[in-house]
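What follows draws every value from the coordinates through simple rules; no lab data is involved. Note that the structure is a prediction, hence the values are computed from the model and not measured. Here Cβ is always computed from backbone atoms with ideal geometry, including for glycine, and neighbour counts include all displayed protein chains.
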């Protein structure tokens, strides 16, 4: 009986030690001046779910289908090298895509209210698979004969998976000490964003040309989970990199209205602390709706 009690006691003591030896995921929280935070800010600007068109007022119960394309500026290799969380790691493989394409669906309601949703489906492009959702609510209103304004709140959530730490080329490169002869990584980036903005516009040419400007604020909650098995001695790296960031944003562009159902927009969108990107969007009302009472 004493032997059994001793074995149980030893197991209770040694089990946490064994679990610790296997290695709990390391949670790293880089400071605001690190490359990691710079990386997060750089790549979260193109996926911010702003309206990407002028603050037009939509008819009641109209439904619009849009397709947005946003440019992802290149980032220097030196700025893609982690400076805080993973010392010795080479540049992350985050420059394989130059555009983000996002379909959008908008439904308008009473008194200028609207709701908008988007989804980037998990289709692999250059080994990167996104599964991102966007949801927005807002209200547009006329502010005069040719003036318009819009208040909008949005969120982006989901994940992006890919070999950001060690790609196929990295594991075959003898000069890459971190990745050579290891396994291709399957890292996950969760770029959660909460934000809002206010836009104003003034229409010209019988409301067919609508330039607009806006300001906003975004609260970024990026989470990056490393999933990489090293070559020797086969250690699994599950480092979690987390940051909480706040960004002021600005945007401006012009929407052209060729027909009552079609909108074409070109826009510049910026988080001054990070980058400026460009967006274009085609929006078509497949359900015209009716005038609000």
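Table for the structure above
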read-out: Cα pair distances exceeding 23 angstrom across segment 180-293, given as percent; value: 55
read-out: Förster-model FRET efficiency, 51 Å R0, residue 57 and residue 232, C-beta, rounded to 0.05; value: 0.20
read-out: Cα Rg, Dmax (largest Cα-Cα span) when computed across segment 154-234, Å; value: 21.8, 70
read-out: Translational D in µm²/s for segment 190-250 (Stokes-Einstein at 37 °C, 0.692 mPa s, Kirkwood Rh from C-alpha pairs); value: 214
read-out: The chain - Debye-derived log10 I(q)/I(0), Cα point model, q = 0.06, 0.10, 0.14 Å⁻¹; value: -0.27, -0.62, -0.99
read-out: Mean residue ellipticity (222 nm) of the chain, computed from DSSP H runs ≥ 4 via -39,500 (n - 2.57), nearest 500; value: -3500 deg cm²/dmol
read-out: The chain: angle of helix 35-44 to the longest principal axis, Cα-based, in degrees nearest 10; value: 40
read-out: Length-normalised contact order of segment 25-287 in % [C-alpha pairs under 8 Å, at least 6 apart]; value: 22
read-out: Principal axis dimensions, largest first and in whole angstrom, of segment 110-207 by Cα; value: 67, 27, 20
read-out: Mean separation of Cα contacts under 8 Å, 6 or more apart, over the residue count of segment 95-165: relative contact order %; value: 26
read-out: Normalised per residue, the volume of the convex hull around the Cα set of segment 83-159 (Å³); value: 158
read-out: Rg followed by Dmax, in Å, when segment 213-277 is reduced to its Cα trace; value: 20.3, 64
read-out: Inter-probe distance in nm under a simple model that places probes 7 Å from Cα toward Cβ, at residue 282 and residue 142; value: 3.0
read-out: Simple label model, 7 Å out from Cα along Cβ direction - residue 180 to residue 221, nm; value: 4.2
read-out: Degrees between helix 2-22 axis and first principal axis of the chain (Cα, 0 to 90, nearest 10); value: 50
read-out: Sorted peptide list for 152-161, 232-241, 66-75, criterion being average Cβ within 10 angstrom, highest first; value: 152-161, 66-75, 232-241
